[in-house]
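Notes follow once the structure below has been shown.
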Amino acid sequence: MSTETENSIHTAGGGEQGSRLQKRLLAALGAAFILAAVLFLADARRPQFYMLAGKEIETALGEPFEDPGVYAVLTGRVFGEGKRRLPVRTDGAVDTSRPGSYELAYATEYLGREYRCTRRVQVADKTAPVITLQNREEYYVNWLEGYEEEGFTAWDNADGDLTGRVTAVRRGESIVYSVSDAAGNTATAERVPVYTVGPPEFRLNGETDVRITAGFLPYEDPGCTASDRYGHDMTDRIRVQGEVIPWRAGTYELVYSITNRTGEMVYTVRRVTVDAVPTPDPVEPEGKTIYLTFDDGPGRYTDKLLDVLDKYGVKATFFVTCDQPDYFSCIARAHEAGHAIGVHSASHVYDEIYSSEEAFFADFRKVLDMIAEQTGETTAICRFPGGSDNTVSSFNPGIMTRLASDVRDLGYQYFDWNVYSGDAGGKGATTESDTVFQNVTEGIADKKVAVVLQHDIKSYSVDAVESIILWGLENGYTFLPLDPASPTVHEKIAN
Ligand code: ZN
C-alpha cells in the first residue's frame, strides 16, 4: 500500500493516471447504486390510505350523503410519507332513502399491484315520528262528563303509519300521547284541557290526621267538602270508603273520592289513629291467694252469699248479668262491701253476643250501664261468657281472638279461671254442695294463686262457700277481690 501511494505521488500526470480515476468513479457509482437499492428495498414503499371521518360512519335517513373522502400516498419505512397523492377509485354506493349498512370500497394501484380499503356507512333513522292531533290541542270539557278522544294519527319517515302504536296517558290534567319508531325515536304530543267544570278539589274539615282513644261509640267524621276551581260545589258527589273501628287500636284510612262518568277518580285521604286505653300488667300477689269469683248473678242467693262473705271479711268478685233486675241492688250492696264487680254479659246468649263485635259490645255496654247505676262507678274488669277459650262462638270464626284484643284496647282486663267448681255442668259437674267444696279445694290445693269459678245463681254452690272459706283460711290462703292488675289466668284462645 505504501508503495502504491509513493507511486501515485511520483508518477503524476499522463493517460494511465486518467483511466485510474475513471475506474474509481465507476466503483463509487456502483457502490452508491447498491446502497440506493438496499435502502429502497428496506424502505418497502407502498400506498397508505387515509380515511377521513373513520372506517365506520353513520348518516341520517333521507339526508344526502357526502363521502368524507379517502386519500392514498406512498409511504415507506425509511423515508416516511411521500407528498404526492395517488389516484383513488371508489366502488359502492349509499342509498340514504333506505336504512341499512352499506360498504364503500377504495382502490389505488402501485407498481402494477392493487391496494384496497373499505368503509361501512350506516344509514340510520334519526327522525322521530310525527303525531298529529285531530281537532284542537286544547279541549273544552266538563270534568264530570269526562273527555272523549277526538282522534290522532302518527307518521314516521321510516316506518310509515304508527297510529296504532300511540299511547295516550293522563298526566296531571293533560293527555300525553307518545309513540316510538322501530329505530327508537320517540315523539310526544300533549293536549291541554280547558275546563268548563274542573276536577274536584277536596277540603277536609278538621285535622287530616285524627287521633282518638278507643271507645264504644262510632267514630264521627268531621267530613269533607269538594268544589272545582270555579267554585262549583261537588260535595254531594263525594264517596267515603274505609271504616274506623272505634274499639280496635290501629290506624285507619278514610278515602274521599269523586269519580267522573269515564271512571276517572280524584281523591284525598284522612288518617284516623285509634289509641288503646292502657291496661296495667298483671302483678302476682305475695302469698297464697284465692280469688273467689261468681258469675251469672245477681240472683236470689246473692244476698245470702254476701252475708257469708261478710261474716269472714272475705272479698270476692262478681261478674254480673242483667238477667234478674229484681236483684240488681245486690250489686250495690256487694260494691259497698268492697267486692269487685265486673262485666259478664247482659243476655248471656252465645248466639247473639258472639254474632259480631257490634253485638258483643252492645250487650257489654248494657252491663256497664247497670253497674254504673248500682255502684256509681265504672269497672275495668270483665269475663267472657264461656271463658276466652270457648268454642261456643266458633260459628263466628276468630271472634274470640278479636274480642280478647278489643276489650284490652278499650281498657278492660278479662279474666279466666284456673279452678272450676263444677256447679254449672261440664267437667266435674255436680248439684251437691259437698262436691262443689271438693272440686274447689282439690283444684286450689296445688296452686299458689287460685281463681275459682262459681255461680251465685246456684244454691248448692253458694252453700259450699262457707266451708271453702274455712278451708282456705286454715290452709294459709288470703282471699282477694280481682282488680285490673290481678293474675288473669288466661286460657289459650281456641277461636
Ligand atoms: Zn256465665
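Among the residues of the stretch 290-297, none qualifies, meaning not one is free of Cβ contacts under 8 Å to residues at least 40 places away in the same chain and not assigned by TED's automatic domain parsing to the domain that holds S227. Among the numbered conditions (1) out of contact with any strand residue (DSSP E or B) (no Cβ under 9 Å at 6 or more places or on another chain); (2) among the aliphatic types (A, V, I, L, M); (3) more than 28 Å from G338 (Cα to Cα), the only one that A445 does not meet is (3).
Summed over the stretch 392-412, the residues that are touching a residue at least 60 places away in the same chain (Cβ under 8 Å) and within 15 Å of the ligand (Cβ to nearest atom) give a count of 2.
Of all residues in the stretch 450-482, those being within 23 Å of C322 (Cβ to Cβ) and either among the aliphatic types (A, V, I, L, M) or within 50 Å of the chain's Cα centre (by Cα) (or both) number 5. Going through (1) among the aromatic types (F, W, Y); (2) away from the ligand (no atom under 16 Å from the Cβ); (3) within 30 Å of W471 (Cβ to Cβ) one by one, Y252 falls short only on (3).
Checked against (1) within 29 Å of G62 (Cα to Cα); (2) hydrophobic (A, V, I, L, M, F, W, C); (3) in a loop (DSSP other than H, G, I, E, B), V121 passes all but a single condition, namely (3). Among the residues of the stretch 261-287, those that are open to solvent by less than 10 Å² (accessible area, probe 1.4 Å) and within 30 Å of W143 (Cβ to Cβ) comprise R270, V272. Residues in the stretch 70-87 that are touching a strand residue (DSSP E or B) at 6+ places or on another chain (Cβ under 8 Å) and free of Cβ contacts under 8 Å to residues at least 24 places away in the same chain: 5 in all.
The rows are residues; the columns are (1) under 37 Å from the mean Cα position of the chain (by Cα); (2) aromatic (F, W, Y).
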site	(1), (2)
G112	no, no
C117	no, no
E145	yes, no
F152	no, yes
R170	yes, no
T186	yes, no
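For the stretch 335-378, residues that are in contact with a Leu (Cβ under 8 Å, 6 or more places away or on another chain) and within 14 Å of C322 (Cβ to Cβ) total 2.
Got a sec? Which strands (runs of 3 or more DSSP E) wholly within the stretch 132-243 have at least 3 residues that are at pLDDT below 95 and aliphatic (A, V, I, L, M)? Spell out the reasoning first.
On the way: elements: 138-142, 152-156, 167-171, 174-180, 186-197, 201-204, 209-213, 224-227, 239-241.
Of the strands (runs of 3 or more DSSP E) lying wholly inside the stretch 132-243, those with at least 3 residues that are at pLDDT below 95 and aliphatic (A, V, I, L, M) span 186-197.
Output the residue which, of all residues in the stretch 438-485 that are within 16 Å of the ligand (Cβ to nearest atom), more than 18 Å from F415 (Cβ to Cβ) and among the β-branched types (V, I, T), is most open to solvent (accessible area, probe 1.4 Å). Out of the qualifying residues, it is I457. Candidates are the residues of the stretch 160-170 that are open to solvent by 60 Å² or more (accessible area, probe 1.4 Å) and not β-branched (V, I, T); the one that is farthest from G184 (Cα to Cα) is R170. Quick check on the stretch 413-426. Is at least one of its residues touching a residue at least 60 places away in the same chain (Cβ under 8 Å), crowded, with 16+ Cβ neighbours inside 10 Å and touching an Asp or Glu at 6+ places or on another chain (Cβ under 7 Å)? Yes - at least one qualifying residue is present in the stretch 413-426. Restricting attention to the stretch 415-437, the residues that are among the small types (G, A, S) and more than 16 Å from the ligand (Cβ to nearest atom) total 2.
For S257, the criteria (1) away from the ligand (no atom under 16 Å from the Cβ); (2) open to solvent by less than 10 Å² (accessible area, probe 1.4 Å); (3) assigned by TED's automatic domain parsing to the domain that holds A340 hold in every case but one, which is (3).
The values are calculated or read from the model by the stated rules, or taken from the named source; none is laboratory data. These figures come from a predicted structure and were not determined experimentally. A quick note on method: Cβ atoms are made from the backbone with ideal geometry, for glycine too, and the neighbour counts reach across all protein chains shown. Just the protein is used for accessible areas: all its heavy atoms, side chains included, with ligands, DNA and RNA removed. Shrake-Rupley method; radii C 1.70, N 1.55, O 1.52, S 1.80 Å.
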